[in-house]
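A.B. asks: My structure is below; once you've seen it, I'll send some questions.
The values are calculated or read from the model by the stated rules, or taken from the named source; none is laboratory data. Source: prediction; values computed, not measured. Reconstructed Cβ throughout: ideal geometry from the backbone, glycine too, with neighbour counts over all protein chains shown.
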Amino acid sequence: MTWTCEQVLRDIKLHDLDCDPRVFHVLFVALTEPESDIAREVRRLEANETALTVRDLEFLYDAYINSGIEPGHHMSVVQSSQARTSSISTSANTAMDLSKHLATCAQAQSEKTPLRDTVLQINSEMQENLTNITAQAEVLEAELQAYQAELFTDALTGVPNRRFLEAELPARLNVADLSLHIALIDVDHFKQINDLHGHVLGDYAIRIVANLIQNHLRPQDVMCRYGGEEFCILFYNTDAAVCLEMLEGIRTDIARRTIYHNRTGKSFGPLTVSAGLARTQPGDDFEAAVQRADELMYQSKTTGRNRISS
(Lines give C-alpha, C1' and ligand atoms only; values in the text may rest on other atoms or scores of the structure.)
Protein backbone atom coordinates (compact mmCIF):
# COMPACT_ATOMS: atom_id res chain seq x y z
CA MET A 1 0.00 0.00 0.00
CA THR A 2 2.82 2.42 0.92
CA TRP A 3 4.58 1.76 -2.38
CA THR A 4 1.33 2.35 -4.29
CA CYS A 5 0.71 5.69 -2.61
CA GLU A 6 4.30 6.76 -3.26
CA GLN A 7 3.92 5.81 -6.93
CA VAL A 8 0.71 7.84 -7.22
CA LEU A 9 2.48 10.85 -5.71
CA ARG A 10 5.34 10.41 -8.19
CA ASP A 11 2.82 10.38 -11.04
CA ILE A 12 1.21 13.55 -9.70
CA LYS A 13 4.62 15.24 -9.63
CA LEU A 14 5.57 13.87 -13.09
CA HIS A 15 2.48 15.36 -14.71
CA ASP A 16 2.62 18.57 -12.64
CA LEU A 17 -0.84 17.95 -11.17
CA ASP A 18 -2.54 19.38 -8.11
CA CYS A 19 -2.61 16.93 -5.21
CA ASP A 20 -6.40 16.92 -5.22
CA PRO A 21 -8.22 13.97 -3.56
CA ARG A 22 -10.06 13.26 -6.81
CA VAL A 23 -6.81 13.21 -8.80
CA PHE A 24 -5.21 10.91 -6.23
CA HIS A 25 -8.24 8.60 -6.22
CA VAL A 26 -8.28 8.21 -10.02
CA LEU A 27 -4.54 7.52 -10.24
CA PHE A 28 -4.72 5.11 -7.32
CA VAL A 29 -7.49 3.10 -9.00
CA ALA A 30 -5.63 3.17 -12.33
CA LEU A 31 -2.55 1.72 -10.62
CA THR A 32 -4.26 -0.88 -8.43
CA GLU A 33 -6.96 -1.99 -10.91
CA PRO A 34 -5.18 -2.15 -14.29
CA GLU A 35 -8.16 -3.80 -16.05
CA SER A 36 -10.67 -1.17 -14.94
CA ASP A 37 -12.26 1.40 -17.24
CA ILE A 38 -10.41 4.14 -15.37
CA ALA A 39 -7.04 2.46 -15.97
CA ARG A 40 -7.79 2.07 -19.68
CA GLU A 41 -8.76 5.75 -19.98
CA VAL A 42 -5.62 6.89 -18.11
CA ARG A 43 -3.43 4.75 -20.40
CA ARG A 44 -5.20 6.21 -23.44
CA LEU A 45 -4.56 9.75 -22.27
CA GLU A 46 -0.94 9.01 -21.38
CA ALA A 47 -0.34 7.48 -24.81
CA ASN A 48 -1.71 10.43 -26.75
CA GLU A 49 -1.00 13.51 -24.63
CA THR A 50 2.23 15.06 -23.39
CA ALA A 51 0.84 15.12 -19.87
CA LEU A 52 -2.28 14.28 -17.92
CA THR A 53 -4.34 17.24 -16.76
CA VAL A 54 -6.42 17.83 -13.66
CA ARG A 55 -9.41 18.41 -15.93
CA ASP A 56 -8.99 14.96 -17.53
CA LEU A 57 -8.81 13.23 -14.16
CA GLU A 58 -11.75 15.16 -12.72
CA PHE A 59 -13.85 13.94 -15.63
CA LEU A 60 -12.81 10.35 -14.98
CA TYR A 61 -13.63 10.77 -11.30
CA ASP A 62 -17.12 12.08 -12.06
CA ALA A 63 -17.77 9.48 -14.75
CA TYR A 64 -16.54 6.35 -12.97
CA ILE A 65 -16.26 7.00 -9.24
CA ASN A 66 -18.54 9.79 -8.10
CA SER A 67 -21.61 8.51 -9.96
CA GLY A 68 -21.56 5.14 -8.18
CA ILE A 69 -24.08 3.73 -10.68
CA GLU A 70 -23.64 2.74 -14.30
CA PRO A 71 -24.87 5.48 -16.68
CA GLY A 72 -27.33 3.16 -18.40
CA HIS A 73 -28.81 2.22 -15.03
CA HIS A 74 -29.15 5.91 -14.13
CA MET A 75 -31.17 6.43 -17.31
CA SER A 76 -33.42 3.40 -16.80
CA VAL A 77 -34.15 4.31 -13.16
CA VAL A 78 -35.13 7.87 -14.07
CA GLN A 79 -37.26 6.79 -17.03
CA SER A 80 -38.97 4.07 -14.98
CA SER A 81 -39.73 6.55 -12.20
CA GLN A 82 -41.09 9.06 -14.70
CA ALA A 83 -43.34 6.39 -16.21
CA ARG A 84 -44.69 5.48 -12.77
CA THR A 85 -45.44 9.08 -11.78
CA SER A 86 -47.12 9.65 -15.12
CA SER A 87 -49.22 6.51 -14.55
CA ILE A 88 -50.19 7.78 -11.08
CA SER A 89 -51.32 11.10 -12.57
CA THR A 90 -53.35 9.34 -15.27
CA SER A 91 -55.03 7.00 -12.77
CA ALA A 92 -55.80 9.88 -10.41
CA ASN A 93 -57.33 11.92 -13.23
CA THR A 94 -59.47 8.93 -14.29
CA ALA A 95 -60.65 8.42 -10.72
CA MET A 96 -61.38 12.15 -10.45
CA ASP A 97 -63.61 11.97 -13.54
CA LEU A 98 -65.48 9.01 -12.05
CA SER A 99 -65.85 10.84 -8.74
CA LYS A 100 -67.31 13.89 -10.43
CA HIS A 101 -69.74 11.66 -12.31
CA LEU A 102 -70.89 10.03 -9.05
CA ALA A 103 -71.34 13.46 -7.47
CA THR A 104 -73.47 14.59 -10.40
CA CYS A 105 -75.64 11.47 -10.12
CA ALA A 106 -76.09 11.92 -6.35
CA GLN A 107 -76.99 15.58 -6.70
CA ALA A 108 -79.55 14.68 -9.34
CA GLN A 109 -81.56 12.80 -6.72
CA SER A 110 -84.41 15.14 -5.80
CA GLU A 111 -84.97 13.68 -2.35
CA LYS A 112 -82.43 14.45 0.35
CA THR A 113 -81.54 11.36 2.37
CA PRO A 114 -78.77 10.52 4.85
CA LEU A 115 -77.31 8.11 2.28
CA ARG A 116 -77.23 10.81 -0.39
CA ASP A 117 -75.48 13.27 1.98
CA THR A 118 -72.98 10.62 3.04
CA VAL A 119 -72.16 9.77 -0.60
CA LEU A 120 -71.62 13.46 -1.40
CA GLN A 121 -69.39 13.94 1.70
CA ILE A 122 -67.24 10.88 0.94
CA ASN A 123 -67.04 11.89 -2.70
CA SER A 124 -65.92 15.41 -1.81
CA GLU A 125 -63.15 14.08 0.43
CA MET A 126 -62.04 11.64 -2.28
CA GLN A 127 -61.84 14.46 -4.84
CA GLU A 128 -59.69 16.50 -2.46
CA ASN A 129 -57.34 13.55 -1.90
CA LEU A 130 -57.11 12.85 -5.63
CA THR A 131 -56.28 16.50 -6.29
CA ASN A 132 -53.45 16.30 -3.75
CA ILE A 133 -52.14 13.05 -5.24
CA THR A 134 -52.16 14.52 -8.75
CA ALA A 135 -50.32 17.64 -7.57
CA GLN A 136 -47.70 15.57 -5.75
CA ALA A 137 -47.18 13.34 -8.79
CA GLU A 138 -46.70 16.39 -11.01
CA VAL A 139 -44.14 17.85 -8.60
CA LEU A 140 -42.27 14.53 -8.48
CA GLU A 141 -42.28 14.22 -12.26
CA ALA A 142 -40.86 17.75 -12.59
CA GLU A 143 -38.15 16.93 -10.05
CA LEU A 144 -37.24 13.75 -11.93
CA GLN A 145 -36.95 15.71 -15.18
CA ALA A 146 -34.71 18.26 -13.46
CA TYR A 147 -32.60 15.44 -11.96
CA GLN A 148 -32.22 13.78 -15.36
CA ALA A 149 -31.19 17.09 -16.94
CA GLU A 150 -28.60 17.68 -14.22
CA LEU A 151 -27.32 14.10 -14.32
CA PHE A 152 -26.74 14.02 -18.07
CA THR A 153 -25.76 17.66 -18.73
CA ASP A 154 -22.27 19.15 -18.64
CA ALA A 155 -22.30 22.02 -16.15
CA LEU A 156 -19.77 24.16 -18.02
CA THR A 157 -21.21 24.03 -21.54
CA GLY A 158 -24.83 22.99 -21.07
CA VAL A 159 -24.52 20.17 -23.63
CA PRO A 160 -24.96 16.46 -22.83
CA ASN A 161 -22.06 14.95 -20.89
CA ARG A 162 -20.06 11.74 -21.12
CA ARG A 163 -22.48 9.96 -18.79
CA PHE A 164 -25.26 10.65 -21.32
CA LEU A 165 -23.12 9.26 -24.16
CA GLU A 166 -22.40 6.09 -22.18
CA ALA A 167 -26.15 5.57 -21.76
CA GLU A 168 -27.21 6.69 -25.24
CA LEU A 169 -24.63 5.05 -27.51
CA PRO A 170 -25.05 1.41 -26.41
CA ALA A 171 -28.82 1.74 -26.90
CA ARG A 172 -28.30 3.12 -30.40
CA LEU A 173 -25.81 0.40 -31.30
CA ASN A 174 -28.57 -2.18 -30.74
CA VAL A 175 -30.94 -0.54 -33.25
CA ALA A 176 -31.07 -2.52 -36.49
CA ASP A 177 -30.51 -0.73 -39.82
CA LEU A 178 -29.33 2.46 -38.10
CA SER A 179 -26.46 4.20 -39.86
CA LEU A 180 -24.30 5.75 -37.17
CA HIS A 181 -21.03 7.67 -37.44
CA ILE A 182 -19.01 8.82 -34.45
CA ALA A 183 -16.70 11.83 -34.41
CA LEU A 184 -14.28 12.86 -31.68
CA ILE A 185 -13.05 16.45 -31.66
CA ASP A 186 -10.17 17.65 -29.49
CA VAL A 187 -8.98 21.24 -28.96
CA ASP A 188 -5.32 21.47 -29.99
CA HIS A 189 -2.68 22.51 -27.43
CA PHE A 190 -5.33 23.10 -24.79
CA LYS A 191 -2.93 22.56 -21.89
CA GLN A 192 -0.84 25.46 -23.21
CA ILE A 193 -3.95 27.63 -23.29
CA ASN A 194 -4.61 26.91 -19.61
CA ASP A 195 -0.94 27.38 -18.68
CA LEU A 196 -0.54 30.67 -20.57
CA HIS A 197 -3.96 32.25 -20.14
CA GLY A 198 -5.48 30.58 -17.08
CA HIS A 199 -8.46 28.32 -16.48
CA VAL A 200 -11.03 31.13 -16.72
CA LEU A 201 -10.15 31.78 -20.35
CA GLY A 202 -9.73 28.03 -20.94
CA ASP A 203 -13.25 27.36 -19.70
CA TYR A 204 -14.55 30.22 -21.83
CA ALA A 205 -12.87 28.70 -24.90
CA ILE A 206 -14.51 25.33 -24.19
CA ARG A 207 -17.94 27.00 -24.08
CA ILE A 208 -17.24 28.81 -27.37
CA VAL A 209 -16.15 25.56 -29.06
CA ALA A 210 -19.27 23.76 -27.80
CA ASN A 211 -21.53 26.49 -29.22
CA LEU A 212 -19.75 26.51 -32.58
CA ILE A 213 -20.01 22.73 -32.90
CA GLN A 214 -23.71 22.81 -32.04
CA ASN A 215 -24.34 25.45 -34.70
CA HIS A 216 -23.22 23.10 -37.47
CA LEU A 217 -25.26 20.03 -36.46
CA ARG A 218 -28.68 18.83 -37.58
CA PRO A 219 -31.52 18.39 -35.07
CA GLN A 220 -31.12 14.59 -35.10
CA ASP A 221 -27.38 14.66 -34.33
CA VAL A 222 -26.16 14.41 -30.73
CA MET A 223 -23.11 16.23 -29.37
CA CYS A 224 -21.65 15.76 -25.91
CA ARG A 225 -18.62 16.87 -23.99
CA TYR A 226 -16.56 13.68 -23.79
CA GLY A 227 -13.59 14.89 -21.75
CA GLY A 228 -11.78 18.02 -20.66
CA GLU A 229 -11.36 19.48 -24.15
CA GLU A 230 -12.85 16.59 -26.13
CA PHE A 231 -16.28 16.50 -27.74
CA CYS A 232 -18.11 13.56 -29.29
CA ILE A 233 -20.75 13.73 -32.03
CA LEU A 234 -23.18 10.98 -33.04
CA PHE A 235 -24.32 11.43 -36.65
CA TYR A 236 -27.50 9.47 -37.38
CA ASN A 237 -28.65 8.12 -40.76
CA THR A 238 -26.24 9.86 -43.09
CA ASP A 239 -23.12 8.98 -45.06
CA ALA A 240 -19.51 9.82 -44.33
CA ALA A 241 -19.37 12.61 -46.93
CA VAL A 242 -22.11 14.60 -45.17
CA CYS A 243 -20.43 14.04 -41.78
CA LEU A 244 -17.07 15.21 -43.13
CA GLU A 245 -18.69 18.30 -44.64
CA MET A 246 -20.14 19.24 -41.25
CA LEU A 247 -16.86 18.53 -39.47
CA GLU A 248 -14.95 20.64 -41.97
CA GLY A 249 -17.39 23.48 -41.36
CA ILE A 250 -16.77 23.13 -37.62
CA ARG A 251 -12.99 23.04 -38.06
CA THR A 252 -12.81 26.12 -40.30
CA ASP A 253 -15.31 28.07 -38.20
CA ILE A 254 -13.29 27.50 -35.03
CA ALA A 255 -9.93 28.19 -36.75
CA ARG A 256 -10.92 31.69 -37.81
CA ARG A 257 -12.05 32.75 -34.35
CA THR A 258 -10.09 34.86 -31.90
CA ILE A 259 -11.18 34.12 -28.35
CA TYR A 260 -11.74 37.31 -26.38
CA HIS A 261 -13.01 37.33 -22.81
CA ASN A 262 -14.78 40.59 -21.95
CA ARG A 263 -14.41 40.30 -18.18
CA THR A 264 -10.67 39.59 -18.11
CA GLY A 265 -9.76 41.51 -21.28
CA LYS A 266 -7.57 38.59 -22.39
CA SER A 267 -7.62 37.12 -25.90
CA PHE A 268 -5.81 34.53 -27.98
CA GLY A 269 -6.12 32.82 -31.34
CA PRO A 270 -6.38 31.15 -33.65
CA LEU A 271 -7.94 28.18 -31.88
CA THR A 272 -7.78 24.88 -33.76
CA VAL A 273 -9.22 21.40 -33.35
CA SER A 274 -8.35 17.92 -34.57
CA ALA A 275 -11.04 15.34 -35.32
CA GLY A 276 -11.54 11.69 -36.20
CA LEU A 277 -14.62 10.19 -37.86
CA ALA A 278 -15.55 6.49 -37.83
CA ARG A 279 -18.61 4.45 -38.72
CA THR A 280 -19.92 1.91 -36.23
CA GLN A 281 -19.73 -1.75 -37.18
CA PRO A 282 -22.11 -4.64 -36.43
CA GLY A 283 -21.36 -6.07 -33.01
CA ASP A 284 -19.65 -2.93 -31.72
CA ASP A 285 -19.83 -2.18 -28.03
CA PHE A 286 -19.29 1.30 -26.60
CA GLU A 287 -15.54 0.96 -26.21
CA ALA A 288 -14.93 -0.41 -29.73
CA ALA A 289 -17.14 2.21 -31.36
CA VAL A 290 -15.39 5.12 -29.67
CA GLN A 291 -11.90 3.63 -29.98
CA ARG A 292 -11.82 3.84 -33.79
CA ALA A 293 -12.83 7.50 -33.77
CA ASP A 294 -10.28 8.12 -31.02
CA GLU A 295 -7.46 6.53 -33.04
CA LEU A 296 -8.37 8.62 -36.08
CA MET A 297 -8.49 11.78 -33.99
CA TYR A 298 -4.95 11.16 -32.74
CA GLN A 299 -3.89 10.44 -36.31
CA SER A 300 -4.95 14.03 -37.01
CA LYS A 301 -2.90 15.14 -34.00
CA THR A 302 0.26 13.34 -35.08
CA THR A 303 0.07 14.51 -38.71
CA GLY A 304 -0.06 18.21 -37.98
CA ARG A 305 -3.29 19.00 -36.06
CA ASN A 306 -6.09 21.27 -37.30
CA ARG A 307 -7.40 18.49 -39.56
CA ILE A 308 -9.89 15.62 -39.84
CA SER A 309 -9.08 11.93 -40.35
CA SER A 310 -11.56 9.27 -41.45
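A.B. asks: Against the condition hydrophobic (A, V, I, L, M, F, W, C) and touching a Gly at 6+ places or on another chain (Cβ under 9 Å), how does residue 182 come out, does it pass?
C.D. replies: So residue 182 fits the description; yes.
A.B. asks: Here's a follow-up. Taking segment 241-284 as the search range and keeping residues that are outside any helix (DSSP H, G or I) and among the hydrophobic types (A, V, I, L, M, F, W, C), which one is surrounded by the fewest Cβ atoms within 10 Å (Cβ to Cβ)?
C.D. replies: 268
A.B. asks: Further, regarding this structure: Please find, within segment 154-188, the residue that is nearest to residue 258 (Cα to Cα) out of those that are in a loop (DSSP other than H, G, I, E, B) and in contact (Cβ under 8 Å) with a residue 12 or more places away in the chain.
C.D. replies: Checked segment 154-188; the qualifying residue nearest to residue 258 (Cα to Cα) is 188.
A.B. asks: Run down 183, 167, 205 and say which single residue is assigned by TED's automatic domain parsing to the domain that holds residue 264, crowded, with 20+ Cβ neighbours inside 10 Å, under 23 Å from residue 265 (Cβ atoms) and not polar (S, T, N, Q). It would help to see each step written out before you state the result.
C.D. replies: Working: 183 fails: under 23 Å from residue 265 (Cβ atoms); 167 fails: under 23 Å from residue 265 (Cβ atoms).
After ruling out the rest, the residue left standing is 205.
A.B. asks: Further question: How about segment 12-36: which of its residues are charged (D, E, K, R) and modelled with pLDDT of 80 or more?
C.D. replies: 33, 35
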